[in-house]
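This report concerns only the one structure given below.
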Amino acid sequence: MSVGGKRLAQGGAIDRDNTIDFTFDGVSYQGHPGDTLASALLANGVRLFGRSFKYHRPRGLLGIGFEEPNALVELRSGARTEANTRATGIEIFNGLVASSQNRFPSLGFDLLGVNQLFGRFFTAGFYYKTFMWPAAFWEPVYEKLIRRAAGLGTASRESDPDHYEHSHAHCDVLVVGAGPSGLMAALTAALTGARVMLLEDRAWVGGMLALEGQLIEGAPAEKWVDAVLHQLQSMDNVRVMTRTTAVGVYDHNVVVGLQRVADHIAVPGKGDPRQRLWILRAKQTVFTAGAIERPMLFGNNDLPGVMLASAVRGYVHRFGVTPGRLITIVTTNDDGYNTAFALHEAGEPVAAIVDARASAGELRLDPEALGIKVHRACLPVKAVGWQSVKGLVIENEQQQRTTIDCDCIAVSGGFNPDVNLYSQTGRSPVWNEAIAAFMPAEHRPGSQSAGACNGTYSLAECLSAGAACGAQAAAAAGFDKAPSGALPAVPATDTGTILAVWHGRSEGKVFVDLQNDVTAQDVTLAEQEGYVSVEHTKRYTTLGMATDQGKTSNVNGIAVLAAARGEAIQNVGTTRYRPPTVPVAIGAFAGHERGKNFQPFRKTAFHQWNVENGAVFVEAGQWLRARYYPLPGEDIMAALKREAKQVRESVGMCDVSTLGKIEIFGPDAAEFLNRLYINNWLKLPVGKARYGVMLREDGHVYDDGTTSRLGEDHFFMTTTTVNAAGVLAHMDYHSQVVWPELDVVFCSATEQWGGFALAGPNSRSVLQKALPGVDVSDEALPFMGVLSTSVDGMPVRIFRISFSGELAFEINVPWGYGVAAWERFFAAGEEHSIIAYGTEALTVLRIEKGHAAGQELDGRTTATDLGLGRMASKTKSFVGQPMSQRAGMIAADRPSLVGVKVVDSNDRLRGGAHLFDRADDVDSRGSMGWVTSVTDSPAMGRWIALAFLKNGSDNIGKRFYAHYPLKSEVVEVEVCSPHFFDPDGERLRG
Amino acid sequence: MNACAMRPAFNRDKIMHQIQCPWCGVRDEAEFQYKGDATVVRPADDADEAGFFRYVYLRDNPKGWHTEWWHHVAGCRQFVKVVRNTLTHEVAATGTPADTLQVPES
Ligand SMILES: [Zn+2]
């Protein structure tokens, strides 16, 4: 007798006139348009689809949809490889390459299959028990071992050549699942005028109507499905989305859908994404996701050839494929008989029907009249066969056993309403004795379930429930035009009774979770070891934790646990379902936000000049800042030293466009600043700048910068680059919430004014040459003076402020003038060999001057720690003032800012080093301070640093040791004032 | 069999992760930045340390209705007062900083 699946001579919604070539595990096969990878392989007689996760047992196909736990394949090859895809959901295309997973070295001959001979070592909690000790073994040994033994597919190491996108949409009524209930719900809602979206996981609509031969209005149901689909597609207010799975339901009826735009073709069309993630906002949702058939528990129930009964008849009806040559049906309910009838009507033999019940309900046909043997009140004991099913042993109530020869066992343990989405809304499903399954109870406002996912199985009831929910959802969304039209006529059917059979008189390994290889014995053992809560059992045994989230295993597992606990199933309850309902590629979640598009780059006003002049950039938040401008052959150290030296000796220009800039207006602008900054602002004259320090309300330093008074009611604030957005929000809060009585308005001008520093002893000469006719003398523009002027129609703001310690100006021009202004000044500096300097040289210069920056303003330092305590006004209150006076904030021994320099000029310093008063035998408890910013100072001829040190000023002149344990370095340093260079500030006033 | 169970509909301003900005109208929640508890009020400048300590550090973490600041950073940049249910993310009311909003019974 030949065994395995074959293509039937006729039937199925496939295009038999055309063939498609594809390969599976390197073997070429042919299928037809309309086939899935699963149906095409079945038609080719393939039975073995993969190896199991833990025991490497042979596994075949179980289902027909997204519930499939076994037939996971790696789809495509090279950079487009996608692991863990379900063969049941893959539409074949010419050239498709798929391979099985979890086999080593080949699917038919698997070395690790010996794991099952050592099965007793792989029981519940085996990972916890086996790989617990010693900890040092984890990474080098255990992890590799587990990955080798259990790897579910491998990710490609190449970059994904395709792109994924995110789309947003709104609708009044969102219907999830386009079976009979979903189609009726969508149609009824749409006829009221409501905007309707209908999502369907499969490429085609109809649900169960497309999988079995039902009649509607006296004709094959597909006719009605086509008519409804056509009607929906012709309506402007309806969007039907196939190949789209609802992967998550969130608060307020936000539903995330994954649309597989190009998974059914080799390469996405030009401009198309491979997949699109939809963020859908619905006023009302109707879940019509259907039900998933439950496997049965008996020995070797994981052998290839054991399939869900509804899947077997789905393959026959939809694809014209039978999964076996001689099929046994094992059922607990009337629906199983329909599979026998479908096989019979397709001309295929049925070995027997095994019914757990003593008698069936009212059936469409009489099986015995068709010549089919029915074993009543019998239970399956074990499947026999090595690599696939060769027979089934059953047992009657008198414990007499019979062996039935067959190559396929179609099982129906009943149906579980797909409550995944319902559960995600935060509600718990409840056990319903009549259908022996968990079903939805009270829904979250704004959502409903209809049809099989609500425990309603007969076609007539699904259609009426869909219509009712569709109408009610539309009405709740504000569309109450009563939909017209009678429900389509369908034959009256009785869904009959079900006998809940769980773990019967089975022998051998009984699998509950096929994907994670969890047996009924594992669940029982977990209960014995004290894991009695369903959530604990799940994690201890890994039941339901595989990529299928236990779609076919959870309820059986709960039933086994309930039996072990000696309790009713409803007392055990279910675990919570969580998104995503099916595995989703990371690329779909990332969308376009990957690589350089992860976040936008911000470019400065002078970016183009920087690019053209060889700048090496650094990412500072979103900004691209010029780090240094190397000459040919220069490395970073050589470049930054040359740049810093040239500023000290002549003149340089530095792009500071990234500083936060805020224009502030209003009669209370000065008072507003007075409350934000620690120092006084009321008496700042027009035309002057002042350095200001802001605290957070907790008393620590938040930000600093210079702010200028451009008019009586007009200030121009600058912030650090990193806090630009935060300071603006800080100001919004205080002006809107805390002091709404102040008459002040402000807005960001960061990207309205491009800014550069012009620094060095020759800077005034360059400024004068660039701005002829403007008086830039020390009298007209003294230190901290501000000048607003224009030259050749270009507005210019000049601030005589210095970060470098040299005579310096900060020049602001409207952003669009950026490069023109830069070039004008750069040309003016030619006679002084002007250079551009980057953030590295800027850092050298500011450290030499002892200016605190981000490393020092780390959110833990006070103004006093930074040596700025004397700036704080004693005569006014300001943000952070009350908390800055707490005992810990003013403690005398707080580390404060000092300078340190290496004693031996051959030594180097490192940021993060800790300061000790001895060279050896130190530990972190004895640390007296730490180094924040370091530089190899050209001006000082050695490495210098800013540091925080306990009793800082008392220690000036003393020797300490900078310990850097990451490199086992200990360097002797001398503590000094942080103002290394020109401590009296003679140069900047020059 | 119970085909479907209906619940009363949400109001427009309570659904879909949207916030009614008093200045801009109904806007997507993604345009806002969460700014925390709106029930704490900055004490007078001369308040004692304990008062400022409460203002800076102490926050309730209620399960249910909470009055919060949502800063419309990608819109009008105004601080919007929002009464939100921390359990369901329902929004019961929004207003300006000057408004006193009704907080539903939890
Ligand atoms: Zn707004």
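What to note about this one:
Okay, residues lined up against (1) more than 30 Å from residue A:59 (Cα to Cα); (2) within 14 Å of chain B (Cβ to nearest Cβ); (3) part of a loop (DSSP other than H, G, I, E, B):
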{"site": "A:456", "(1), (2), (3)": "yes, yes, yes"}
{"site": "A:486", "(1), (2), (3)": "yes, no, yes"}
{"site": "A:535", "(1), (2), (3)": "no, no, no"}
{"site": "A:545", "(1), (2), (3)": "no, no, yes"}
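- Any hit, the stretch A:469-477, residues being crowded, with 22+ Cβ neighbours inside 10 Å and closer than 27 Å to residue A:331 by Cα: no
- With respect to (1) surrounded by fewer than 23 Cβ atoms within 10 Å (Cβ to Cβ); (2) under 25 Å from residue A:430 (Cβ atoms); (3) out of contact with any helix residue (DSSP H, G or I) (no Cβ under 9 Å at 6 or more places or on another chain), the lone exception for residue A:444 is condition (3).
- Restricting B:96, B:67, B:86 to residues that are within 16 Å of the ligand (Cβ to nearest atom), hydroxyl-bearing (Ser, Thr, Tyr) and touching a residue at least 12 places away in the same chain (Cβ under 8 Å) narrows the list to B:96.
- Check on residue B:41, touching a residue at least 12 places away in the same chain (Cβ under 8 Å), among the hydrophobic types (A, V, I, L, M, F, W, C), more than 16 Å from the ligand (Cβ to nearest atom) and within 10 Å of chain A (Cβ to nearest Cβ): yes
- So residue A:81, is it closer than 30 Å to residue A:595 by Cβ and at pLDDT below 85: no
- Taking the conditions (1) of a type in the set (A, V, I, L, M); (2) crowded, with 20+ Cβ neighbours inside 10 Å; (3) outside any strand (DSSP E or B) in turn, residue A:853 satisfies each one other than (2).
- Residue match in the stretch B:54-61 (condition: surrounded by 12 or more Cβ atoms within 10 Å (Cβ to Cβ), away from the ligand (no atom under 16 Å from the Cβ) and within 9 Å of chain A (Cβ to nearest Cβ)): yes
- Filter result for the condition that a residue is more than 21 Å from residue A:418 (Cα to Cα) and either without any contact (Cβ under 8 Å) to a residue 24 or more places away in the chain or among the basic types (Lys, Arg) (or both), over A:276, A:313, A:243, A:294: A:276
- Being assigned to a loop (DSSP other than H, G, I, E, B) and either closer than 26 Å to residue A:416 by Cα or over 37 Å from the mean Cα position of the chain (by Cα) (or both) is true of residue A:4.
- For the stretch A:50-75, filtering for residues that are modelled with pLDDT of 90 or more and of a type in the set (Lys, Arg) leaves 1.
- Lone unmet requirement of (1) at pLDDT 95 or above; (2) in the same structural domain as residue A:935 (by TED's automatic domain parsing) for residue A:892: (1)
The values are calculated or read from the model by the stated rules, or taken from the named source; none is laboratory data. None of these values were measured; they are calculated from a predicted model. Virtual Cβ from ideal backbone geometry, glycine too; neighbours counted across all protein chains shown.
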